[in-house]
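No lab work stands behind these numbers, since they all come straight from the coordinates. Keep in mind it's a predicted model, so treat the numbers as computed, not measured. Because the Cβ atoms are built from the backbone with ideal geometry, glycine has one as well, and the counts that use them run over all protein chains shown.
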Amino acid sequence: MSIYDTDRTLASNRMIFEIRRDMAKYHRFREDLEGCMAEYGLTDIERAAWRAIDIRALASLGVHPYFLPQVSRLFEGGGYNHNSSAAAQLYASKMGVSEG
């Protein structure tokens, strides 16, 4: 999961980038994940990873490492970016990270 594993052609990368920057697109994502994924042309494998919020799978598909924590924020919000936030906890659980 390094920057060298990023697939710049992966539709998920474009989707994350745009949804994070456009409130209307973010609301569309929150209200209709399936429609949003179809609109961006995600593959069946990408769609399955999004439905399961499988951040590891998204990483293996080529999602940019910077965007991986953003995935959990899209689902849980990002207003309180701290280790105990819902987004951080979701990311940690999906990535197999434990508090130490």
Original post:
Within the range 25-51, can you find the residues that are outside any loop (DSSP other than H, G, I, E, B) and surrounded by 15 or more Cβ atoms within 10 Å (Cβ to Cβ)?
Top reply: Lys25, Tyr26, Arg28, Phe29, Leu33, Cys36, Met37, Tyr40, Glu46, Arg47, Ala49, Trp50
Original post:
Can you name the condition, by its number, that Val71 falls short on among (1) surrounded by fewer than 16 Cβ atoms within 10 Å (Cβ to Cβ); (2) touching a residue at least 24 places away in the same chain (Cβ under 8 Å)?
Top reply: (1)
Subject >> Leading residue by the ranking (surrounded by the most Cβ atoms within 10 Å (Cβ to Cβ)) among those in the range 1-24 that are part of a helix (DSSP H, G or I) and over 14 Å from the mean Cα position of the chain (by Cα) >> reply: Asp5
